[in-house]
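What follows is a single structure, written as structure tokens, with notes after it.
No lab work stands behind these numbers, since they all come straight from the coordinates. It should be emphasised that the depicted structure is a prediction, and the values quoted were computed from it without experimental measurement. Note that each Cβ is placed from the backbone with ideal geometry, even for glycine, and that neighbours are counted across all protein chains shown.
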Amino acid sequence: MFSPPIDAPELQQSTCHHDDPPDRYHTCVNAHHAAYSENNLPPLLFRLEVPSFDDLPPLKNLVENGQVVKDRDGRPLRAFPFLPRYISIRPAAWLLEYWMRTDPRLTYRDIKARMVVPAAQLPRENSLNMRRERQCRTPLALSCWSSHRRTVGKVEVERVARWSLDQIRYNTTMEIEYARGPGPGDQRTAMRLRSRTLAGGAPAYHPLGLFLDGEEVHVPSQRICEALSLFWQLSERASRLRLGSWRLLPADELPETWRRGTQRGNMGEERDVEAGSRLSDTV
């Protein structure tokens, strides 16, 4: 699922052109993300589950002035059309998340290859992933498309705890706005989706079926069902113990895998580096 086309002529021309590499903190403008900002985030960020990527075009090598562009190790750069030519060593978290959701073939290596610093000064892949988590996914209550733990971790339970059942039905982490009938006993009816922002700007509104792919309702994946089930189990235990939240449960009431994780220091957290970045050393 590539970015939607941007039709405004001024945005089609809004790409950087450099005779020499720019500053290390510069990210080139690209028509695929030029219309977006912290106050106008790409709708794709708010899709709950991964779409099918059956119709992706084949990737070619990036060519400039008739020559294939290569990275520090002599490997050709892959020509993702949505990826800027040069990328800051501190890219915006929402942009990182957007790029990684746009094409599943993209890895952190592809991103780091466009940073203009020596290899020793490149950000660690773990740092890029944590930037996405702390500065984008967590404040926006987004899903994570690449969890690869065998069992449901604490972070996954924390995620589903923030979503309503209607959000899951509509395959989105956007807020759902409702309309109520004129009668006092009339039920609320889902009306539209409302996106969030990172900088306090006005939200954007979208139709309810934006992420339903033509279906009437979204059927959640087994992984989300497992996370929901565990959340309900933990919440029931907390209620039985008269605790205000499952987060207050004593260690012996938590999943065994979490307790083992506590001994290792990660408390059932998701692995720091996602599959895409782990694969980057072999792509």
(request) Positive end of the charge dipole of the chain (Lys, Arg +1 and Asp, Glu -1 on Cβ, about the Cα centre): tell me which of 65, 98, 119 has its Cα farthest that way. (result) 119
(message) Skipping prolines and chain starts, which residues have an amide H placed within reach, meaning under 5 Å, of the one on residue 115, given they are 5 or more residues away or on another chain?
(response) 87
(message) Quick check: the distance between the Cα centres of the stretch 33-63 and the stretch 196-215, to the nearest angstrom?
(response) 15
(request) Determine the relative contact order of the chain: mean sequence separation of Cα pairs under 8 Å and six or more apart, normalised by residue count, in whole percent. (result) 20
(request) Scan around residue 192 for amide H atoms under 5 Å from its own, H built in the peptide plane at 1.01 Å from N, and keep only partners 5 or more places away or cross-chain. (result) 177
(request) Note down the nm distance, to one decimal, between modelled labels 7 Å out along Cα→Cβ at residue 38 and at residue 127. (result) 2.0
(message) Among 209, 172, 219, whose Cα projects farthest towards the positive end of the dipole of the stretch 162-221, with charges put on the beta-carbon of Lys, Arg (+1) and Asp, Glu (-1)?
(response) 172
(request) Using Cα positions and a limit of under 28 Å, work out the lysines in reach of residue 60, with same-chain residues fewer than 8 apart set aside. (result) 70, 112
(request) Using label points projected 7 Å from each Cα along Cα→Cβ, tell me how many nm separate residue 236 and residue 17, to one decimal. (result) 6.5
(request) Find the relative contact order for the stretch 9-145 and round it to a whole percent, using C-alpha pairs within less than 8 Å whose residues are 6+ positions apart. (result) 28
(request) Using the Karplus curve 6.51 cos²θ - 1.76 cosθ + 1.60 with θ = phi - 60°, work out ³J(HN,Hα) for each residue of the stretch 229-236 in order, rounded to whole Hz, and write x for Gly and Pro. (result) 4, 5, 4, 5, 4, 5, 5, 5
